[in-house]
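The values are calculated or read from the model by the stated rules, or taken from the named source; none is laboratory data. Here the structure is a predicted model, which is why all the values come from computation and not from measurement. With ideal geometry, Cβ positions are generated from the backbone for all residues, glycine too; neighbour counts draw on all protein chains shown. Heads up: the accessible areas ignore ligands, DNA and RNA and are worked out on the full protein's heavy atoms, side chains in. Shrake-Rupley method; radii C 1.70, N 1.55, O 1.52, S 1.80 Å.
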Amino acid sequence: MGQIGSPGLQSDLAPSEFHLFATLSVALLGCHFQNNDEVKRATRQFLSSRDKEFYKSGYFKLIARFISNV
């Protein structure tokens, strides 16, 4: 009998975007949404409220992690 594996996960996210999830989860903690549109709206508001330094910092942390693992 063959193995049944989980389907491959393909992300539309670049590795440089993964730092967003920790802060996004904190920002949305305790929020209750009625539908997907509300989730999308809250996520867009969060992303647009971050300044350039937030994104720059996440990018440089990714580079530092990459270098330390090479």
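What's the number of the condition D12 fails, among (1) among the charged types (D, E, K, R); (2) exposed (fewer than 10 other Cβ atoms within 10 Å of the Cβ); (3) at pLDDT 85 or above?
Unmet condition: (3).
Six or more apart or on different chains, Cβ under 9 Å: which pairs go from a residue in the range 43-68 that's without any contact (Cβ under 8 Å) to a residue 60 or more places away in the chain and aliphatic (A, V, I, L, M) to one that's open to solvent by less than 60 Å² (accessible area, probe 1.4 Å) and not in a helix (DSSP H, G or I)? Could you list them?
Going by the 9 Å Cβ cut-off, the qualifying pairs are L62/H19.
Tell me, which residue of the range 23-34 that is surrounded by 10 or more Cβ atoms within 10 Å (Cβ to Cβ) and farther than 15 Å from F54 by Cβ is modelled with the lowest pLDDT?
L28
Any residue at all in the range 35-46 that's among the charged types (D, E, K, R), at pLDDT 85 or above and open to solvent by less than 70 Å² (accessible area, probe 1.4 Å)?
yes
Quick check, is K61 modelled with pLDDT of 90 or more and open to solvent by 60 Å² or more (accessible area, probe 1.4 Å)?
no
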